[in-house]
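The values are calculated or read from the model by the stated rules, or taken from the named source; none is laboratory data. These numbers come from a predicted model, not from an experiment. Note: ideal-geometry Cβ built from the backbone for every residue, glycine included; neighbour counts use all protein chains shown. All accessible areas refer to the heavy atoms of the entire protein, side chains included, with ligands and DNA or RNA removed. Shrake-Rupley method; radii C 1.70, N 1.55, O 1.52, S 1.80 Å.
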Amino acid sequence: MAKIRCICQHIITTSGAIPNPLEWKIISDPRFDDFEGLVEAEEVYRACSSMFRCPKCGRLWVYWDGFDGEPACYTPQSLDPAKEVEEA
Ligand SMILES: [Zn+2]
């Protein structure tokens, strides 16, 4: 199974259960606008990038270039410094 070890050390499984409860599909507005009328859900699915949300710390791991590329990591920024995401 493919996995990501999050910076918080939580292991995120990127394969296995379908649908994956940690996986989100994202698509740019212009790319989504390419679709018109009734479309095949599978076509929209394939046009999306996959993103995984760490259930422990909330970091987002985005596969902008598909699963062959490395995911980019995004950390939630709290407006309250006392609630910063903990580092491992
Ligand atoms: Zn995490």
Per residue solvent-accessible surface (Å²) - the chain, probe of 1.4 Å: 75 Å²
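Taking all protein chains as present, what is the carbon and sulfur share of the accessible area of region 1-63, in % to the nearest whole number, probe 1.4 Å? Don't skip to the end; give the middle numbers.
Details: 2360 of 4290 Å².
In region 1-63, the share of accessible area belonging to carbon and sulfur is 55 percent.
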Sequence ranges 29-39, 44-54, ranked by mean other-Cβ count within 10 angstrom, highest first: 44-54, 29-39
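State the extension gain, in nm to one decimal, for the chain segment bounded by Glu43 and His10, taking 0.36 nm per residue of separation less the distance between their alpha-carbons. Working shown, then result.
Details: separation 33, 0.36 × 33 = 11.88 nm, distance 3.18 nm.
Difference between extended and current length: 8.7 nm.
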